[in-house]
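Data first, discussion second: the structure below is written as structure tokens.
The values are calculated or read from the model by the stated rules, or taken from the named source; none is laboratory data. Note that the coordinates shown come from a computational prediction; the quantities given were computed from them, not determined experimentally. Every residue, glycine as well, gets a Cβ built from its backbone with ideal geometry; the counts of neighbours run over all protein chains shown. Note: areas computed on protein heavy atoms with side chains; ligands, DNA, RNA excluded. Shrake-Rupley method; radii C 1.70, N 1.55, O 1.52, S 1.80 Å.
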Amino acid sequence: QVQLVESGGGLVQPGGSLRLSCAASGFTFSMYLMSWYRQPPGKERELVAAMPSSGGSTNYADSVKGRFTISRDNAKNTVYLQMNSLKAEDTAVYYCNAARRRTVGGGWQNYWGQGTQVTVSS
């Protein structure tokens, strides 16, 4: 059974930091592109950061560059999102995503976590 379990969300003041974790199970974690998405209130889900299976070059949304860092530990089947200098506009539900291109039939295999709430407010 595939599971992605996020943790580490909560309420933080502007300028503060949080570290999100996503523990994966039920699939070969090291073979998947791992990403963090977020969905602010009343808005669509958007990509925040992504890291390939090799742990190589990462990709960030312009709005979080220089403040957020994605990392992964393939030995622990876990992906992290370190969030610094948080702003009110970072308030959202943050989702963990695992993706891999299908070897048969085309397209992508996607798994999603249940999400964790991050609220930035004074």
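Give the distance, in whole Å, between the Cα centre of region 75-122 and the Cα centre of region 43-73.
Region 75-122 and region 43-73 have Cα centres spaced 9 Å from each other.
Treating only the Cβ atoms of Lys and Arg (+1) and Asp and Glu (-1) as charged, compute the dipole magnitude of region 4-119 about its Cα centre; round to the nearest 20 debye.
Roughly 220 debye for region 4-119.
Choose one of Met34, Ser7, Ser53: the residue whose Cα lies farthest towards the positive end of the charge dipole of the chain (beta-carbon charges +1 Lys, Arg; -1 Asp, Glu; about the Cα centre).
The Cα lying farthest towards the positive end belongs to Ser53.
Can you tell me the accessible area per residue over the chain, all protein chains present, probe 1.4 angstrom, in square angstrom?
The answer is 52 Å² per residue.
Under a 10 Å cutoff between Cα atoms, tell me which one of Val79, Val104, Val93 has the largest fluctuation in the Gaussian network model of the chain.
Val104
For the chain, which whole percent of the accessible surface, found with a 1.4 angstrom probe, sits on carbon and sulfur atoms? Display every interim value, and only then the final one.
Working: 2930 of 6400 Å².
Roughly 46 percent, rounded to a whole number.
Mean separation of Cα pairs under 8 Å and 6+ residues apart, divided by the residue count of the chain: what relative contact order is that in percent?
35
Compare Thr28, Thr103, Thr58 in a GNM of the chain, Cα atoms joined below 10 Å, and give the one with the largest fluctuation.
Largest GNM mean-square fluctuation: Thr103.
Quick query: amide H of Thr91 versus all other amide H atoms, modeled in the peptide plane; which residues come in under 5 Å with a sequence gap of 5 or more or a different chain?
Val120
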